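The values are calculated or read from the model by the stated rules, or taken from the named source; none is laboratory data. Note that the structure is predicted; figures quoted are calculated from it, not measured. Reconstructed Cβ throughout: ideal geometry from the backbone, glycine too, with neighbour counts over all protein chains shown.
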Amino acid sequence: MNSESGDERERKELDVLVQNISRILQEDDEKMYSGEVIAEFKNPTHAGRISDADGSGIADGLCNDTMEIFLKTESGLIRECRFYTDGCGASIACGNRLARFVEGMDLDSAWMVKSSDLISLLNGLPPDHEHCAALAVIALRNALRNLEKRRRMENGGST
Ligand code: FES
């Protein structure tokens with residue numbers, strides 16, 4: 001005798017449907033994105049904001065997404081970097097990889113980071129998502145600019 005109610009059967013069918021959809025989406029992601037992008041996106045270790053950051057910057061993309069970068073420094077080096085974005089999966093991967101990349105870097109070197117460096121570190125991005133890397137790098141430069149401005153103000157200089 002089948003004791004399964006109609007509601008239970010429907011719920012199970014729905015669960016299977018959801019599982020199938022998420023498997024298809026994952027397969028699509030794996031076709032579109034490198035393993036590096038997927039790994040960063042799935043484990044964004046550097047996501048978040050730093051409330052007492054020494055410098056922070058934001059960038060607005062033409063895609064209407066934003067990226068924020070927060071920096072803590074010590075002895076001229078970036079000791080901690082965090083990112084926050086309301087953007088796509090690629091932007092999460094870019095923010096996380098960039099944050100990991102610049103930690104421990106001196107400020108002059110951080111200024112030199114280009115979006116092409118970030119794309120290489122991620123082993124490529126689909127062409128229509130390369131701007132997500134640019135968004136992260138622009139936010140980093142705005143954070144560095146903000147950091148320098150704060151330093152000048154602390155030292156009694158003008159803005
Ligand atoms: Fe807007 Fe990726 S950041 S599409």
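Which ones in the stretch 1-56 are surrounded by 10 or more Cβ atoms within 10 Å (Cβ to Cβ), more than 30 Å from Arg79 (Cβ to Cβ), basic (Lys, Arg) and at pLDDT 80 or above?
Arg9, Arg11, Lys12, listed by residue number.
Name every residue in the stretch 94-114 that is out of contact with any Pro (no Cβ under 9 Å at 6 or more places or on another chain) and either within 13 Å of the ligand (Cβ to nearest atom) or of a type in the set (Asp, Glu) (or both), in order of residue number.
Cys94, Leu98, Glu103, Asp106, Asp108
Quick check, is Phe101 closer than 17 Å to Ile119 by Cα, buried (at least 16 other Cβ atoms within 10 Å of the Cβ) and hydrophobic (A, V, I, L, M, F, W, C)?
Numbers: closer than 17 Å to Ile119 by Cα: yes; buried (at least 16 other Cβ atoms within 10 Å of the Cβ): yes; hydrophobic (A, V, I, L, M, F, W, C): yes.
For Phe101, the condition - closer than 17 Å to Ile119 by Cα, buried (at least 16 other Cβ atoms within 10 Å of the Cβ) and hydrophobic (A, V, I, L, M, F, W, C) - is met.
For the list (1) buried (at least 16 other Cβ atoms within 10 Å of the Cβ); (2) within 17 Å of the chain's Cα centre (by Cα); (3) not basic (Lys, Arg), I need the number of the one condition that Ser120 fails.
(1)
Would you tally the residues in the stretch 86-135 being more than 18 Å from Asp54 (Cβ to Cβ) and of a type in the set (Val, Ile, Thr)?
Residues that pass the stated criteria total 2.
Select from the stretch 70-93 the residues that are in contact with a Lys or Arg (Cβ under 6 Å, 6 or more places away or on another chain) and within 16 Å of the ligand (Cβ to nearest atom) and list them in ascending order.
Selection gives Tyr84 alone.
Counting residues that are of a type in the set (Ser, Thr, Tyr), which helices (runs of 4 or more DSSP H) fully inside the stretch 49-159 reach at least 2? Talk me through it step by step, then tell me what you get.
Numbers: elements: 89-102, 107-112, 115-121, 130-154.
In the stretch 49-159, 115-121 are the helices (runs of 4 or more DSSP H) which contain 2 or more residues that are of a type in the set (Ser, Thr, Tyr).
Quick one: would you say Asp86 is under 23 Å from Ile38 (Cβ atoms), touching a residue at least 12 places away in the same chain (Cβ under 8 Å), acidic (Asp, Glu) and loosely packed, with under 15 Cβ neighbours inside 10 Å?
Values: under 23 Å from Ile38 (Cβ atoms): yes; touching a residue at least 12 places away in the same chain (Cβ under 8 Å): yes; acidic (Asp, Glu): yes; loosely packed, with under 15 Cβ neighbours inside 10 Å: yes.
Yes, satisfied.
Report, by residue number, each residue of the stretch 116-159 that is in contact (Cβ under 8 Å) with a residue 12 or more places away in the chain, of a type in the set (A, V, I, L, M) and more than 15 Å from the ligand (Cβ to nearest atom).
Within the stretch 116-159, Leu121, Ala143, Leu144, Leu147 qualify.
Residues that are among the aromatic types (Phe, Trp, Tyr), in contact (Cβ under 8 Å) with a residue 24 or more places away in the chain and surrounded by fewer than 20 Cβ atoms within 10 Å (Cβ to Cβ): does the stretch 66-74 have at least one? Talk me through it step by step, then tell me what you get.
Start the filter on the stretch 66-74 by keeping residues that are among the aromatic types (Phe, Trp, Tyr), which leaves 70.
From what's left, in contact (Cβ under 8 Å) with a residue 24 or more places away in the chain: 70.
With the extra rule that they be surrounded by fewer than 20 Cβ atoms within 10 Å (Cβ to Cβ), the set shrinks to none.
No; the residues of the stretch 66-74 include none that is among the aromatic types (Phe, Trp, Tyr), in contact (Cβ under 8 Å) with a residue 24 or more places away in the chain and surrounded by fewer than 20 Cβ atoms within 10 Å (Cβ to Cβ).
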